[in-house]
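Asks: Pasting a structure here, questions to come.
The values are calculated or read from the model by the stated rules, or taken from the named source; none is laboratory data. Just so it is clear, the model here is predicted, and its values are computed rather than measured. Don't worry about glycine lacking a Cβ; one is built from the backbone with ideal geometry, like all the others, and counts go over all protein chains shown.
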Amino acid sequence: MKKSSPLKKGVFYIIIFIVVFVYLFPFIYVILTSIRPTDEIFSPIFSLFPKKIITTHYVSAITVYPTIKLISNSLLVSLPVVVFSILLALPGGYAFARYQFRLKKLLFLSIIILRFIPLIPILIPLFIFMDSLGLVDTIVGLIIAHTAFKIPFAVWMLKIFINDLPKEIDESAKIDGASMFTILFKIILPLVGPGITAIAIMNFLETWNDFTVALILTHTLDARTLPVGLSQFMAEYQIDWGPLNAASTLALAPLLIFAIFAERYLMKGLTLGAVKG
Amino acid sequence: MKSPIKGIEGPYSLIFFSLLPLIIVLYYPLLQGIWISLTYWSLLSNPVFVGVNNYIFVFSDLTIRKVFLQNIYFAAFSIPGAFLLGLGFALLLNRNFKGARIVRILLLIPYMAPSVVTGMTWRFLLHDQVGAINKILLSLNLIQSPIGWLTDINLAFICIIFARIWQFTPFVTLCLLSGLQAIPQDKIEAAQVDGASSFAIFTYIIIPFLRPIILLIFTLGFVDSFRVFDIIYVMTRGGPALSTQILPTYAYRLAFYSVDFGSACALSNVTLLIALILLLPVLKYLVGEKD
């Protein structure tokens with residue numbers, strides 16, 4: 001802001017605070033409800049801050065509901081997906097960044113279009129396909145499906161990041177007789193490190209957040225992930241709001257942690273992801 | 001550029017590594033979905049070939065027509081709503097103030113939150129007994145008795161749109177913010193020197209500059225409206241009385257509740273076709289970057 005009076009500045013910050021508070025109120029309220037006594041949740045009188053802070057909702061989210069199992073399933077799916085999607089996307093991203101060839105635009109389109117089209121036309125037959133392979137309701141099945149869904153974004157981002165690297169690096173490596181494997185994984189991969197971090201965070205969050213894929217490809221606690229588990233909390237007639245809000249807060253935790261400790265990378269992934277696709 | 005043809009050096013073999021998983025896991029099911037859409041199949045017996053019967057059903061069924069219209073309204077209200085709110089946020093964030101980075105990341109949180117949590121949150125806030133919205137309205141004496149936001153056949157759809165606006169706004173903010181930051185500052189300064197009002201600068205410099213991004217936001221927003229599933233599934237399951245069903249949720253219902261995989265695939269293939277047609281204007285933008 002240019003030179004402005006302290007009063008104007010103060011008003012501006014008050015407006016900012018109100019905007020952020022009102023917009024984020026739903027999540028603020030969920031987080032505060034996760035530590036609010038049950039009788040206050042059911043009280044007809046509104047209060048933002050709990051009069052007493054309790055942790056029992058987290059305890060019952062873990063002991064009464066299978067939250068730990070759901071979280072570990074979510075991590076067992078999300079972490080491999082991050083690794084596999086980037087490794088499988090690297091050759092494609094490199095080819096699109098470094099080569100000119102006849103089918104380039106068509107092939108690129110055939111990859112990135114998958115990021116925009118509706119999921120249901122793929123997921124319903126994919127359920128039948130996975131079922132025929134015995135992969136429904138398995139962690140492996142979810143990893144395979146999610147890896148495929150995350151490759152297009154990774155190819156796109158890697159193409160952009162590799163474009164920014166000077167060509168001389170890999171050309172001189174080629175002249176020295178380095179294999180394509182060496183160039184991709186020992187030279188290019190370390191150089192696009194910060195970009196990889198941004199892709200990894202985005203792919204992790206999108207897998208962690210996913211509901212539709214896991215809803216269709218899982219039936220039981222064997223492979224059910226946290227978001228699907230959360231929706232099951234509500235399936236019962238009487239919803240247990242306290243533990244549900246505690247589990248929701250846990251589901252929000254990775255995003256909040258990235259927002260605090262990796263703001264730069266999250267922002268980079270988000271901006272490129274939104275503007276480039 | 002001379003490159004050895006043999007081995008995995010060529011671009012096609014490199015792309016093959018990235019494309020193969022997509023062909024097996026995504027494109028093969030898509031094709032299988034076309035075949036399934038031409039059959040009657042309840043998973044219990046073998047699929048029976050029925051030609052285009054399922055498509056005739058999709059185009060003639062009155063419920064599907066209603067669901068299709070709801071999907072259009074859903075897009076037509078939520079995207080402009082999110083656009084206006086996102087524009088406000090972007091203009092606010094475009095000012096250089098201390099703490100702008102923190103505010104920026106905070107305003108983006110709803111976009112990257114698990115949509116199940118978003119749906120659950122709104123279901124909780126809008127709950128007739130424990131929901132904060134009713135509690136606030138009652139304490140302000142704006143209403144006399146609790147409102148069943150998500151159980152009322154008319155209100156539920158409005159609530160769904162509202163939740164979607166809340167969720168989609170940060171995407172608009174992100175796009176517009178990067179557009180605003182790309183506007184050459186000297187143009188705005190020159191106009192200011194010439195005595196142009198802020199409103200004139202906004203209408204004659206900023207908006208024309210942002211036009212391609214605005215087109216992109218509306219196109220991708222409309223396409224995305226045919227992908228929304230989670231928040232509706234969690235908030236209302238498409239009810240009450242189908243009043244919040246849109247095409248993806250209804251296709252899911254046909255497949256996994258009615259166990260009519262043929263019709264479900266036919267409906268979702270039509271949805272896919274709609275999305276592809278809507279995407280046509282931005283395809284060039286999507287692939288047409290300089291290399």
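Asks: When you scan segment B:255-286, how many residues do you find that are surrounded by 15 or more Cβ atoms within 10 Å (Cβ to Cβ), of a type in the set (A, V, I, L, M) and more than 18 Å from residue B:61 (Cα to Cα)?
Replies: 8
Asks: Still on this structure: Between B:137, B:176, B:180, which is out of contact with any helix residue (DSSP H, G or I) (no Cβ under 8 Å at 6 or more places or on another chain), in a helix (DSSP H, G or I) and more than 8 Å from chain A (Cβ to nearest Cβ)?
Replies: B:137
Asks: Still on this structure: What residue, among those in segment A:1-17 that are within 11 Å of chain B (Cβ to nearest Cβ) and under 26 Å from residue B:110 (Cα atoms), is surrounded by the most Cβ atoms within 10 Å (Cβ to Cβ)?
Replies: Residue satisfying both the conditions and the ranking: A:16.
Asks: Follow-up question, since we're still on this one. Considering only segment B:31-43, state which residues are touching a residue at least 40 places away in the same chain (Cβ under 8 Å) and among the hydrophobic types (A, V, I, L, M, F, W, C).
Replies: Across segment B:31-43, the qualifying residues are B:34, B:36, B:38, B:41, B:43.
Asks: If you go through segment A:116-175, how many residues are outside any helix (DSSP H, G or I) and among the polar types (S, T, N, Q)?
Replies: Of the residues in that region, 1 qualify.
Asks: Further question on the same structure: Please verify whether segment A:125-143 includes one or more residues that are closer than 20 Å to residue A:202 by Cα, facing chain B (nearest Cβ under 9 Å) and modelled with pLDDT of 95 or more.
Replies: No, because not a single residue in segment A:125-143 is closer than 20 Å to residue A:202 by Cα, facing chain B (nearest Cβ under 9 Å) and modelled with pLDDT of 95 or more.
Asks: While we're looking at this one, here's another question. If the Cβ limit is 7 Å and pairs must be 6+ apart or interchain, which residue in segment B:225-239 that is basic (Lys, Arg) pairs with which residue that is in a loop (DSSP other than H, G, I, E, B)?
Replies: Partner pairs satisfying both residue conditions: B:227/A:118; B:227/A:119.
Asks: Within segment A:212-241, can you find the residues that are within 11 Å of chain B (Cβ to nearest Cβ), of a type outside the set (Gly, Ala, Ser) and within 22 Å of residue A:83 (Cβ to Cβ)?
Replies: The answer is A:213, A:225, A:226, A:227.
Asks: Moving on to the next point. Give the residue, chosen from A:214, A:178, A:200, A:223, that is in contact (Cβ under 8 Å) with a residue 12 or more places away in the chain, in a loop (DSSP other than H, G, I, E, B) and of a type in the set (Gly, Ala, Ser).
Replies: Among A:214, A:178, A:200, A:223, only A:223 is in contact (Cβ under 8 Å) with a residue 12 or more places away in the chain, in a loop (DSSP other than H, G, I, E, B) and of a type in the set (Gly, Ala, Ser).
Asks: Further question: Taking only pairs six or more apart or across chains, which ones have beta-carbon atoms under 7 Å, a first residue in segment B:74-100 that is within 11 Å of chain A (Cβ to nearest Cβ), and a second residue that is of a type in the set (A, V, I, L, M) and assigned to a loop (DSSP other than H, G, I, E, B)?
Replies: As it stands, the answer is B:95/A:1; B:96/A:1; B:97/A:1, since those pairs meet every condition given.
Asks: Out of (1) buried (at least 17 other Cβ atoms within 10 Å of the Cβ); (2) charged (D, E, K, R); (3) more than 10 Å from chain B (Cβ to nearest Cβ), the odd one out for residue A:176 is which?
Replies: Just one mismatch for residue A:176, condition (1).
Asks: Return the pair list, or none, for Cβ contacts closer than 8 Å from residues in segment A:242-258 that are at the interface with another protein chain (Cβ under 8 Å from one of its Cβ atoms) and over 13 Å from residue A:209 (Cα atoms) to residues that are among the hydrophobic types (A, V, I, L, M, F, W, C) and outside any helix (DSSP H, G or I), at least 6 apart or on different chains.
Replies: Qualifying pairs under 8 Å: A:244/A:234.
Asks: Quick one: is residue B:160 of a type outside the set (Gly, Ala, Ser), free of Cβ contacts under 8 Å to residues at least 60 places away in the same chain and either under 17 Å from residue B:77 (Cβ atoms) or surrounded by 14 or more Cβ atoms within 10 Å (Cβ to Cβ) (or both)?
Replies: no
Asks: Could you identify the single residue in A:79, A:88, A:109, A:75 that is assigned to a helix (DSSP H, G or I), within 7 Å of chain B (Cβ to nearest Cβ), surrounded by fewer than 21 Cβ atoms within 10 Å (Cβ to Cβ) and not basic (Lys, Arg)?
Replies: A:109
Asks: State all residues of segment A:27-65 that are assigned to a loop (DSSP other than H, G, I, E, B), in contact (Cβ under 8 Å) with a residue 12 or more places away in the chain and either within 11 Å of another protein chain (Cβ to nearest Cβ) or surrounded by 18 or more Cβ atoms within 10 Å (Cβ to Cβ) (or both); if no residue qualifies, say none.
Replies: The answer is A:34, A:35, A:36, A:48, A:65.
Asks: On the given criteria, is residue B:271 at negative phi, of a type in the set (Val, Ile, Thr), within 8 Å of chain A (Cβ to nearest Cβ) and part of a helix (DSSP H, G or I)?
Replies: For residue B:271, the condition - at negative phi, of a type in the set (Val, Ile, Thr), within 8 Å of chain A (Cβ to nearest Cβ) and part of a helix (DSSP H, G or I) - is met.
Asks: Using the structure shown, decide if residue A:142 is surrounded by 15 or more Cβ atoms within 10 Å (Cβ to Cβ), under 14 Å from the mean Cα position of the chain (by Cα) and closer than 30 Å to residue A:123 by Cβ.
Replies: For residue A:142, the condition - surrounded by 15 or more Cβ atoms within 10 Å (Cβ to Cβ), under 14 Å from the mean Cα position of the chain (by Cα) and closer than 30 Å to residue A:123 by Cβ - is not met.
Asks: Would you confirm, using the coordinates I've provided, whether residue B:197 is out of contact with any strand residue (DSSP E or B) (no Cβ under 8 Å at 6 or more places or on another chain), among the small types (Gly, Ala, Ser), within 25 Å of residue A:23 (Cα to Cα) and without any contact (Cβ under 8 Å) to a residue 60 or more places away in the chain?
Replies: no
Asks: Exactly one condition in (1) free of Cβ contacts under 8 Å to residues at least 12 places away in the same chain; (2) within 12 Å of chain B (Cβ to nearest Cβ); (3) surrounded by 12 or more Cβ atoms within 10 Å (Cβ to Cβ) is not met by residue A:68; state its number.
Replies: (2)
Asks: Step by step: first the residues of segment A:235-258, then only those that are hydrophobic (A, V, I, L, M, F, W, C) and surrounded by fewer than 18 Cβ atoms within 10 Å (Cβ to Cβ), then the one that is farthest from residue A:42 (Cα to Cα). Which residue is that?
Replies: Looking at residues that are hydrophobic (A, V, I, L, M, F, W, C) and surrounded by fewer than 18 Cβ atoms within 10 Å (Cβ to Cβ), I get A:257.
Asks: Taking residue B:29, is it crowded, with 21+ Cβ neighbours inside 10 Å and either farther than 27 Å from residue B:239 by Cβ or among the small types (Gly, Ala, Ser) (or both)?
Replies: Criteria met by residue B:29.
Asks: Check whether at least one residue in segment B:134-147 is in contact (Cβ under 8 Å) with a residue 12 or more places away in the chain, buried (at least 20 other Cβ atoms within 10 Å of the Cβ) and within 22 Å of residue B:74 (Cα to Cα), and report yes or no.
Replies: Scanning segment B:134-147 turns up no residue that is in contact (Cβ under 8 Å) with a residue 12 or more places away in the chain, buried (at least 20 other Cβ atoms within 10 Å of the Cβ) and within 22 Å of residue B:74 (Cα to Cα).
Asks: Can you tell me which residues in segment B:95-134 are outside any helix (DSSP H, G or I) and aromatic (Phe, Trp, Tyr)?
Replies: Correct list: B:97 only.
Asks: Name the residues in segment B:102-130 that are facing another protein chain (nearest Cβ under 7 Å) and either in contact with a Lys or Arg (Cβ under 7 Å, 6 or more places away or on another chain) or more than 23 Å from residue A:34 (Cβ to Cβ) (or both), would you?
Replies: Result: B:103, single match.
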